[in-house]
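Asker: One structure is given below, represented as structure tokens, and several questions about it will come after.
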Amino acid sequence: MSRGLNRHQERVQAVAGLGRNLSRRAGNRCELCADRTSLSVVEVEPLPEEPDEDAAVMVCERCQRAMAGGRGAPPPEELRFLENSAWSDVAPVQVAAVRILRRMAGEDIVWARDLNDTLYLGDAVLARLG
């Protein structure tokens, strides 16, 4: 096996290892929509050298698809929960929510654009958004 593949597999295992602490932080719910089914740990860019709870979120399958965007993303009307999670005081949760909102605002989804325009984002979150 190549070194790159080994490093990737090690990172995937390390990210999965964050699950217990993220589950506690999230109360065993999706940190974006509060659903309880099909939860997974997803890293939020920019990625630190080593997987870290402060750069990851616990999300359900629907929210994972929303974060990825593209054809598999849920329709905007199913993502209205972002109106709450965009105000999260957990930085990676807020970053993930704002990225989804910004993408939808760019697609001219009115409620996402309006919410994006009213958000106050701290310097740490702004730095992570790039």
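Asker: Just for the range 14-27: of the residues that are assigned to a helix (DSSP H, G or I) and farther than 12 Å from Asp52 by Cα, which one is modelled with the lowest pLDDT?
Answerer: Filtering first and then ranking leaves Arg20.
Asker: Checking the conditions here, which among Ala66, Ala112, Ala124 is closer than 30 Å to Val12 by Cβ and in contact with a Leu (Cβ under 9 Å, 6 or more places away or on another chain)?
Answerer: None of the others qualify; the one that does is Ala66.
Asker: Another question, if that's okay. Going by the structure shown, is Arg7 surrounded by 12 or more Cβ atoms within 10 Å (Cβ to Cβ), more than 14 Å from the chain's Cα centre (by Cα) and over 27 Å from Met104 (Cα atoms)?
Answerer: The answer is no for Arg7.
Asker: When you check Ala56 against the structure, is it at positive phi and hydrophobic (A, V, I, L, M, F, W, C), yes or no?
Answerer: No.
Asker: Restricting the search to the range 59-96, which residues are of a type in the set (Val, Ile, Thr) and either in a helix (DSSP H, G or I) or farther than 20 Å from Leu39 by Cβ (or both)?
Answerer: Val93, Val95
Asker: Please state which one of Arg65, Arg80, Arg103, Arg99 is in contact with a Gly (Cβ under 8 Å, 6 or more places away or on another chain), at pLDDT 95 or above and under 25 Å from Asn28 (Cα atoms).
Answerer: Arg65
Asker: So, one more: Under 6 Å between Cβ atoms, at least 6 apart or on separate chains: pull out the pairs that start in the range 50-69 with a residue that is touching a residue at least 12 places away in the same chain (Cβ under 8 Å) and end on any residue that is among the basic types (Lys, Arg).
Answerer: Cβ pairs passing all conditions: Gly69/Arg103.
Asker: Looking only at residues in the range 28-47 that are in a loop (DSSP other than H, G, I, E, B) and among the small types (Gly, Ala, Ser), which one is nearest to Gln94 (Cα to Cα)?
Answerer: Ala34
The values are calculated or read from the model by the stated rules, or taken from the named source; none is laboratory data. Note that the coordinates shown come from a computational prediction; the quantities given were computed from them, not determined experimentally. As a convention, Cβ positions derive from the backbone with ideal geometry for all residues, glycine included, and neighbour counts pool all protein chains shown.
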